[in-house]
1. Take the residues of segment 1-22 that are touching an Asp or Glu at 6+ places or on another chain (Cβ under 9 Å) and part of a strand (DSSP E or B): which is farthest from ARG61 (Cα to Cα)?
2. For PRO115, only one of the following conditions fails: (1) at pLDDT below 95; (2) in contact with a helix residue (DSSP H, G or I) (Cβ under 6 Å, 6 or more places away or on another chain). What is its number?
3. Failed condition for ASN69, given (1) under 24 Å from LEU127 (Cβ atoms); (2) touching a Leu at 6+ places or on another chain (Cβ under 8 Å); (3) crowded, with 22+ Cβ neighbours inside 10 Å, with all others met?
4. Write out, first by first residue and then by second, each pair whose Cβ atoms fall under 6 Å of each other, whose residues are 6+ apart or on separate chains, and whose first residue, in segment 168-190, is in contact (Cβ under 8 Å) with a residue 24 or more places away in the chain while the second is not polar (S, T, N, Q).
5. Hey, can you tell me all the residues within segment 46-63 that are in contact with a Cys (Cβ under 9 Å, 6 or more places away or on another chain) and of a type in the set (A, V, I, L, M)?
6. Output the residue which, of all residues in segment 1-46 that are of a type in the set (Ser, Thr, Tyr) and touching a Pro at 6+ places or on another chain (Cβ under 8 Å), is surrounded by the fewest Cβ atoms within 10 Å (Cβ to Cβ).
7. Give me the residue from segment 159-195 that is surrounded by fewer than 11 Cβ atoms within 10 Å (Cβ to Cβ) and of a type in the set (A, V, I, L, M) and, out of that set, modelled with the lowest pLDDT.
Amino acid sequence: MPKQFWKGSALLAPVPAALVTCGTPEAPNVLTVGWTGIVCTRPPMTYISVRPERFSHDIIRDSGEFVINLTTSAMVREVDFCGVRSGKDVDKFAKCGFHPVPAHEVAPPLIEECPVALECRVTESKLLGSHTMFLAQIVGVDADERFIDSKGKLDLQKCGLAAYAHGEYFALGRKLGDFGFSVRKKKKHRRPEKR
């Protein structure tokens, strides 16, 4: 099938529709970030990319800490609001009805309404053009107990996570497989013994 060629653009999707908290529990701020992901497993590393003109940019740069809060499909109106309004002009926690919860390892609070939060400490920042990339170590993970099964595993499918793809929000769908399922040997079923 023929493909059209377009000039290079930021068309990697989907990405998390994440709410990033910064500041302190007394003066928290939140912004929507789509440019985030995992860059390393050991140590666990992530990044966020933030425009220098954003109110949160200097807070993160100066403190060296932030929290990535994963959002649900039920929250997309608030997620969008936090991406188009500035914390310089409005208290987005109050406006969206979010409840700040103290983090364990960093000063910025978690958002109680989010099922998973990654506590992050900046190790490096780099101005790449339109955005500054804040590379950070994930120093803690907070998961809502409602989504942890009896074996202690986080069931992300039950979280109802939201995703962002080129200007649009989506609800993540059904699970299609898990890591390594394509090469995993199938278990042989024993036939019951005849007595």
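The values are calculated or read from the model by the stated rules, or taken from the named source; none is laboratory data. This is a predicted model, so every value here is computed, not measured. So basically every Cβ, Gly included, is an ideal-geometry build from the backbone, and we count neighbours across all protein chains shown.
1. For segment 1-22, the residue satisfying everything is LEU19.
2. Failed condition: (1).
3. (1) is the only condition that ASN69 fails.
4. If the second residue must be not polar (S, T, N, Q), the pairs left are TYR169/ALA17; TYR169/VAL76; TYR169/ALA162; PHE170/ALA163; LEU172/LEU161; LEU172/ALA163.
5. Scanning segment 46-63 gives ILE48, ILE59, ILE60.
6. THR24
7. Step by step, filter segment 159-195, then rank; the result is LEU176.
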